[in-house]
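The values are calculated or read from the model by the stated rules, or taken from the named source; none is laboratory data. Remember, predicted model here, so these are calculated numbers, not experimental data. Every residue, glycine as well, gets a Cβ built from its backbone with ideal geometry; the counts of neighbours run over all protein chains shown. Just the protein is used for accessible areas: all its heavy atoms, side chains included, with ligands, DNA and RNA removed. Shrake-Rupley method; radii C 1.70, N 1.55, O 1.52, S 1.80 Å.
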Amino acid sequence: MFTHTLPLSQFVPTGAQEVQKLAQGTSDFISHFAKKGGPDPSDYPILNTLLQQFSAENIQKIFSDEHLNMIRNAFGEALSPETIQGWAYHKPLGYAGDFQIIEKIYNYHTSSNPHLAKWDQYFHTQKAPQAVRNRLSFFLDQLWKIKAETPSTSHILNLASGPGRDMYEALKVMGTSKLEIDCVDQDAQAINYAKGLCRDFLAHIQFTHKNVFRFIPTKTYHLIWSAGLFDYFNDNVFKRTLERFHALLKPNGKMVIGNFTVDNPSRGYMELFKWNLFHRSKKHLYRLAQECGFTENQIRIEQEPEGVNLFLVVTKI
Ligand SMILES: C[S@@+](CC[C@H](N)C(=O)[O-])C[C@H]1O[C@@H](n2cnc3c(N)ncnc32)[C@H](O)[C@@H]1O
């Protein structure tokens with residue numbers, strides 16, 4: 001059973017044997033939950049405490065790749081792509097944050113295998129998936145606002161549109177009148193899925209199968225929306241992409257960019273499964289926008305109710 005009381009970040013190993021002991025203890029602790037068929041809600045606090053410590057910096061200080069593999073292996077079948085955490089780790093589509101895992105999050109997907117289902121139930125209680133689900137109402141708000149501000153048809157660009165769930169849920173509520181949405185995604189499967197999901201609205205949605213860096217737009221937009229993309233970019237790519245797409249805004253148009261905060265409590269859990277993001281603080285996002293030459297009155301930072309998914313909003317003047 002797990003007996004460490006120190007946060008892993010404060011653990012000062014006195015030798016290889018101690019680190020090995022810590023890794024073994026951690027792995028035994030995980031095995032304990034795996035053997036009993038996944039964590040029950042009463043186990044969540046202690047499991048959270050442990051997993052929160054697996055943010056990359058701490059891990060690199062203490063554990064070798066071998067240790068980490070031992071800890072991951074302790075999950076057993078709960079690390080197969082049958083669970084959401086296993087899907088995150090194995091990346092069956094070849095990259096982190098694919099449209100299928102995002103859909104599983106939006107839909108509270110749980111495995112049909114009752115033992116594995118408990119891991120999915122645990123996953124969905126994390127702040128990060130809740131923040132992803134909160135994007136839906138956040139996007140709906142953006143659409144309402146832009147529609148209210150635009151006398152004619154609102155033109156929207158959705159960068160990295162993924163499964164299209166945000167558009168589907170918004171258009172179900174608002175209808176498509178006076179809305180035209182252009183979507184770009186590099187994954188053809190994501191586009192096909194989004195087309196199927198949004199089939200009733202396709203007269204108002206156009207899809208382009210392209211890497212955003214190679215997308216050559218032919219018009220300007222009232223709103224450019226991008227969630228789950230910029231937090232995979234380093235600062236230089238972030239700024240270049242912001243500058244490039246900001247140029248496509250109509251006067252008074254807005255670019256809204258999602259980025260997970262540095263205070264994401266699910267970060268360690270995600271990074272244990274190699275779902276790594278460029279987490280950024282509000283200050284950091286603000287600074288990046290300033291470095292692109294935007295002025296104070298053009299920059300705003302918003303957030304969804306969990307405060308985990310931040311949104312940099314830049315207005316064109
Ligand atoms: C995390 S999902 C986000 C989907 C959606 N925006 C949402 O929030 O529900 C990321 C999507 O970005 C797409 N993507 C990642 N990098 C891209 C790039 N450079 N160009 C175009 N699409 C990209 C992936 O194919 C995937 O569908």
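Points worth noting:
- Sole residue being within 24 Å of Ile216 (Cα to Cα), in contact with a helix residue (DSSP H, G or I) (Cβ under 6 Å, 6 or more places away or on another chain) and in contact (Cβ under 8 Å) with a residue 12 or more places away in the chain, chosen from Leu143, Leu157: Leu143
- Failed criterion for Arg72 (all others in (1) open to solvent by less than 30 Å² (accessible area, probe 1.4 Å); (2) part of a loop (DSSP other than H, G, I, E, B) hold): (2)
- Residues of the stretch 205-263 that are touching a helix residue (DSSP H, G or I) at 6+ places or on another chain (Cβ under 6 Å) and open to solvent by 60 Å² or more (accessible area, probe 1.4 Å): His209 alone.
- Helices (runs of 4 or more DSSP H) fully within the stretch 88-181 counting 3 or more residues that are surrounded by fewer than 22 Cβ atoms within 10 Å (Cβ to Cβ) and more than 16 Å from the ligand (Cβ to nearest atom): 114-124, 127-149
- Restricting the stretch 53-110 to residues that are modelled with pLDDT of 95 or more and of a type in the set (D, E, K, R), the residue that is farthest from Leu272 (Cα to Cα) is Glu103.
- Matching option when the condition is within 21 Å of the chain's Cα centre (by Cα), more than 8 Å from the ligand (Cβ to nearest atom) and open to solvent by 30 Å² or more (accessible area, probe 1.4 Å), among Ala194, Ala188: Ala188
- Phe207 fulfils the conditions (1) touching a residue at least 40 places away in the same chain (Cβ under 8 Å); (2) under 20 Å from Ile105 (Cα atoms) except for a single criterion, (2).
- Some residue of the stretch 141-154 being over 24 Å from Ala203 (Cβ atoms) and hydrophobic (A, V, I, L, M, F, W, C): no
- Test: residue in the stretch 197-212 that is out of contact with any Gly (no Cβ under 8 Å at 6 or more places or on another chain), more than 24 Å from Glu103 (Cβ to Cβ) and more than 16 Å from the ligand (Cβ to nearest atom): no
- Applying a threshold of 7 Å to beta carbon distances and a minimum spacing of six or more residues, or different chains, the list of pairs starting in the stretch 189-203 at a residue that is more than 22 Å from Leu93 (Cα to Cα) and of a type in the set (A, V, I, L, M) and ending at one that is open to solvent by 30 Å² or more (accessible area, probe 1.4 Å) and assigned to a helix (DSSP H, G or I) reads Leu202/Lys195.
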